[in-house]
1. Below 8 Å, C-alpha to C-alpha, sequence gap of six or more: please give me the relative contact order for the chain in percent.
2. Which shape class applies to the range 176-252: rounded if a/c is under 1.5, otherwise prolate when a/b exceeds b/c and oblate if not, where a ≥ b ≥ c are the square roots of the Cα gyration tensor eigenvalues?
3. What is the sum of charges around MET63, taking Lys and Arg as +1, Asp and Glu as -1, for the other residues whose C-beta is under 12 Å from the C-beta of MET63?
4. Rolling a 1.4 angstrom probe over the protein chains, ignoring ligands and nucleic acids, what is the accessible area of LEU162 in square angstrom, nearest 10?
5. Taking only protein heavy atoms and a 1.4 Å probe, what accessible area per residue, in Å², does the range 29-164 have with all protein chains in place?
6. So for the chain, taking the charge dipole from beta-carbon charges (+1 Lys/Arg, -1 Asp/Glu), which of ALA129, ASN99, MET25 sits furthest toward the positive end?
7. Would you calculate a helix-derived [θ] at 222 nm for the chain, using -39,500 (n - 2.57) for each DSSP H run of n ≥ 4 and dividing by the full residue count, to the nearest 500?
8. Using a cut-off of 24 Å between alpha-carbon atoms, which lysines can reach LYS248, once sequence neighbours fewer than 8 places away in the same chain are excluded?
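The values are calculated or read from the model by the stated rules, or taken from the named source; none is laboratory data. Because the structure is a prediction, the values reported are computed rather than measured. A quick note on method: Cβ atoms are made from the backbone with ideal geometry, for glycine too, and the neighbour counts reach across all protein chains shown. Calculation scope for accessible area: heavy atoms of the full protein, side chains included, ligands and nucleic acids excluded. Shrake-Rupley method; radii C 1.70, N 1.55, O 1.52, S 1.80 Å.
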Amino acid sequence: TDSINQQLDQDATIRLRSACHQQKMMMDWRGLPAERHPREQFKIDLLELAQTFRAKDHDLLIMGDFNEEFDSSTADQLQELADSCDLHDLMALRLEYTNFSTCTRSLSGERRIDFALATSAVVQACTGAGYHTEGYLLQSDHRGLFMDFNTNHLFGNPTYKLDNPILRRLVSKHSMNCATYVHEKFRYMEEHRMFSRLENLLANHADGDDFDYHQVKQWDRDWTRSAVHAESECSRIRSTPHTQKLAKKRKLRSFLNKCLRYFRR
């Protein structure tokens, strides 16, 4: 949404590191008209990309700070995007009320310039939506928006509960374990010819043949096994016992230590 957020005029002084200047450079490399503003080019590119995905029967969810209202007189290209790609104003449909501002710097009254455009299937899968109050969770002059989805309806499978991070053997901040995991998984996949098998499956499909379900299922099984094997080779991280009662005791100890340090001065 960087292009959409730019409010600079064509002849304004643009700093070399601004998003608008970087977008202008990319437009020059692509040989696009020099008089076209990056914001307009972004809308053209977004429309082309969305239409490409819709032609392949993909569902879409496009959200962000558009710097203009969806149903305003200046939003012709957004309306064209919505009409050609079966996109709907999801927040308006779920809230049924849009007469409020989503940006504290809005100079022209109640303007809802942060919204989400979604295809019909995505709208139907949405079970709830809303906007956060100003400054909640985000240090921004825009109000954050949130949506809840029925993932079984949207993706065809439920959302599985992940293990508590404390119980996981593999965590991103443990660099040694991450390196071991990647190395062991790659080695397992090489030993079981998973790369060559995948290339053969894709090559046969490119020739017009249907995927061999039995081979795909075997490859998927080995993919899971490679992950399990790689994780088993990682060292187990020592877990510190944690309960609410213990956490309160530690908080009290920390407070008492601060008091002692204060009185010792």
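1. Relative contact order comes out at 11 percent.
2. Prolate, since a/c reaches 1.5 and a/b exceeds b/c.
3. Computed value for this residue: -3.
4. Per-residue accessible area (LEU162): approximately 130 Å².
5. For the range 29-164, the solvent-accessible area averages 61 Å² per residue.
6. ALA129
7. Result for the chain: -15500 deg cm²/dmol, rounded to the nearest 500.
8. In chain and number order, the partners are LYS258.
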